[in-house]
1. Checking the conditions here, which among A:208, A:225, A:231, A:215 is within 14 Å of chain D (Cβ to nearest Cβ) and out of contact with any helix residue (DSSP H, G or I) (no Cβ under 9 Å at 6 or more places or on another chain)?
2. Evaluate the following for residue D:59: is it touching a helix residue (DSSP H, G or I) at 6+ places or on another chain (Cβ under 7 Å), at negative phi and surrounded by fewer than 17 Cβ atoms within 10 Å (Cβ to Cβ)?
3. Look at the range D:35-56 and say how many of its residues are closer than 30 Å to residue D:124 by Cα and surrounded by fewer than 18 Cβ atoms within 10 Å (Cβ to Cβ).
4. For the range B:68-77, which positions are surrounded by 15 or more Cβ atoms within 10 Å (Cβ to Cβ) and assigned to a loop (DSSP other than H, G, I, E, B)?
5. Residue check: is residue D:212 within 16 Å of residue D:86 (Cα to Cα), touching a residue at least 40 places away in the same chain (Cβ under 8 Å) and buried (at least 24 other Cβ atoms within 10 Å of the Cβ)?
6. Could you check the range C:250-262 and list, in sequence order, the residues that are more than 9 Å from chain B (Cβ to nearest Cβ) and crowded, with 24+ Cβ neighbours inside 10 Å?
7. Yes or no: the range C:268-289 includes at least one residue that is within 11 Å of chain B (Cβ to nearest Cβ), on the phi < 0 side of the Ramachandran plot and under 18 Å from the mean Cα position of the chain (by Cα).
8. Could you give every pair whose Cβ atoms fall below 8 Å, whose first residue belongs to the range D:88-106 and is free of Cβ contacts under 8 Å to residues at least 24 places away in the same chain, and whose second residue is assigned to a strand (DSSP E or B), counting only separations of at least 6 or pairs across chains?
């Protein structure tokens, strides 16, 4: 973990945290494009899951889950713009990650959103030390520290959506690509964008299969940029290697199609393809990784290698 | 259409209509359980689609769709109660119904929520006279007037969800069972319940396949009842013949399972079945009709004949 | 149960039963269009589930399930024709129905085709007497005898598909509409059609939710008719009240769309609608009932009332 | 492309090709475990799509698609064993790849298996030269030659399934991992395994989005190995870096769950995890890539890095 310049402004939430992505929360800060800020976030359980806690139900109640830090106003952001979030660094503010299984929540169990008559899986909680090399899973295995923000997005126009759901405005995408070094592009829907983030993960497998990643509270250092007048429909992500789109829906098929179509339209608008040619090309070089398959909506990430585009 | 007693209180919305189901809208009326009220609703297009209008996009913009009348406070309703809505009558307040096809919206087209690269279906609008016998579709065909409220529900705790979506709190279920003579049971989630309704349909096929039913503004006469301390998870409907549950999700499989499981749990709690016996029994006598397959979430209605229960 | 004329030819399978719908089985009979025949079928468990049997796994092994009687050659049937099956009567040939729960099979459990890590539901078997009034479920409840053939279809061209799967050629549709009084239309794909049937049900709820209906061996009396040169894509059903299409796929959304599109195309070819008008009309008067949600593919039945068509 | 030792036995299909995976085709060769063989395959269109051909429908008719080379008997293979296919090399036997769009087939269009009322996408065919560096897509872009077999599998017990479908026995998985250097493990279901392969791809994006990859006829060099008495449920793949499972179903959610559960059970049986621990671990380190989203069943590939296992 590196040392940030002392001039970075720090943003903390005080008082009750928002559990929705919506335009009605009072802003906690106003930031200029180009200004580097460090945002402090709690983990998805509001830092309440400790070895002393018997069960999830003792400390967490739906819909008061996945507390977000925000909203943050980005100066000059107007509906019809795109907000680019440059993620610089994610530092844990605790010495361990938490993960576990919540009854009827996760990718390999029936859920309240798709129930069966079967009993739930056993509830188990793991408190895993953060070491120099990563997160210690057991005596033999250390998982590399590859952090990303599980949740990141902006306020929709009139809705307020629970912070467990990913959608066109971002939110709980739980895909590993919202990580340091990458840009996340979000559609600005209200004045000032009203940015939220939270749910930092020290690492996560594709799918966030147990429903819970390696959850950490964090200090995330970012910088905003505005692309004035650029309207996008779904979150885009840019890495050194790929342009990407995160589509969220259920079932995964719909999430995949959302991501592919937005990616193709991006290739058309910015890279000189016609739509059928982009379809042919992405059919042969596109990549798609599962984001999550546990949240109320699932997320798929479509990718096109940048080496073919520039 | 019958004449209501003159003592029925009439409730109208003035000013801008809510387009979300949420707890933040100022109430427009407070009603006692047992009091009969007549609520006036606009059609799903805010009565703006007329023969003079060229296209949907000229008068309607997402998310400003499906205006709701409400919220209405039900005196004494508290979280943990169930609100029973007795629907007495739905009278059209216009001489015709509107239906049509909106590009990329409907059950037999790709949509923004599940896109393809194909062009949209043609946009077509029909303005169909309401006659004594029903709705005149063409020279040869009159569809019986079998009205129901497409949208009916209560406010969730902290969320504000667009009025196109059906969910556990009701909303845009678009199932033909929310009709005169039936009771709709809704979970009370906030003080006073905060009831909304709108989107009256003069008639509709299962699935609301084109995405648009026979849309009418209406005067709907209802009466509230409270079941104190009864917690339900999903909207229930009671007719003379059936107990029913409306489950909403995507894909239809999940909507179906939600409805079946809640129906089985109702048979267990109120009718003396154990869970496996209820499963066996509903497997042999249950009925399931498609509600809608066009809204952001789809709705399936599971039914158990009351003759086996009482 | 009525007495059939003595002249009805009886068709029985001897030797091992087919467990697939395919063109490679030797025919067991050749029948003329217009000839009334009575076909004997075993139940889905080959009549092996008895009160003495401990568990399903002791007597049944995948893929040797759902034995079919057939193939029956229909004289004169050629690819490109439609085979119409007039169902006259279904008589049980045993004094009881069998139903039960098979581990990891059914509508409200995870399955091998969509697994979770949860334990299976309990295996339970019920042997229910057939009485004058119907099937006795328990002391208080008798379910009316409303029999239908769970499985009915023709051979595909080169494939041989397990008899648990419904598809474009018919097969295990498990929808209550393949019942006495109705016509089932099937696409002829090979010379002689090669008709199979089996899996009689004394009654069943929509969805065949436990995965098992009220299973009976039966004597089913039918008559074939040929519509020469009529090509259909999916099974059609005609009752006194409705024209119907049974679509089979997963998820239910796809099954529904298959059924709706074929129904609309039928309205276009035979009843003078253009495609958009049929879409508008079926959107307002169509009905859709769940067939089954347990087989490898699920089945939805789309209906248009005949009163609007003739 | 390397030169094979002259001693490699070559296997060619003569006469009509099988279009199904089934046990009824006469074998074309018998091979010993450990023997290296070179199998010649046609492309998915039986090499019939040429620049002179106007449209797909002129030369190809369902179900006569995706011709397979086989069945090949593996000496000593018995039901209950696992057949390991070591893929050594895939060499094109033509100087170009073919790709294109077939009406109502592909990942970003409605299909016969999930139809809408929309018109099809335009049919377009591309004939792309194979060069030293790869496949020339246009003046600016060359796609690296990264070949794999789209279709590979064994005969099911009694079924014969069209060669477009992937399932538990392998078949048309269209995932990029069935490539040189990797092992593909298949469940032996009949005596001699009856191995088929075909549908070689010079390269393909995740999802085979247009429904057609860079199709080539090929000479594929492989070697069989038998794991006696090892029963597996779904195809497994081993690379230098990963153990993998390919699950096939619809929707993608079900394909994903099949792959994850089989992967977890593999971690339990071979690598000392208990099931919940494997779930926790794979939740944090698992990877999942889309195989295809166009075939009658879709394919997802779940991966666990071997560095954590050995």
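1. Of the residues listed, the single one that is within 14 Å of chain D (Cβ to nearest Cβ) and out of contact with any helix residue (DSSP H, G or I) (no Cβ under 9 Å at 6 or more places or on another chain) is A:215.
2. Numbers: touching a helix residue (DSSP H, G or I) at 6+ places or on another chain (Cβ under 7 Å): no; at negative phi: yes; surrounded by fewer than 17 Cβ atoms within 10 Å (Cβ to Cβ): yes.
No.
3. The total comes to 10.
4. Of all residues in the range B:68-77, those surrounded by 15 or more Cβ atoms within 10 Å (Cβ to Cβ) come to B:68-74, B:76-77.
Within the range B:68-77, B:68, B:76, B:77 qualify.
5. Working: within 16 Å of residue D:86 (Cα to Cα): no; touching a residue at least 40 places away in the same chain (Cβ under 8 Å): yes; buried (at least 24 other Cβ atoms within 10 Å of the Cβ): yes.
Judged against the criteria, residue D:212 is not a match.
6. To start, the set of residues in the range C:250-262 that are more than 9 Å from chain B (Cβ to nearest Cβ) comprises C:258-259, C:262.
Across the range C:250-262, the qualifying residues are C:258, C:259.
7. Scanning the range C:268-289 turns up at least one residue that is within 11 Å of chain B (Cβ to nearest Cβ), on the phi < 0 side of the Ramachandran plot and under 18 Å from the mean Cα position of the chain (by Cα).
8. Close Cβ pairs satisfying both conditions: D:104/D:111.
The values are calculated or read from the model by the stated rules, or taken from the named source; none is laboratory data. Predicted model only: the values in this text are computed from it and were never measured. Neighbour counts run over all protein chains shown; Cβ positions are idealised from the backbone, glycine included.
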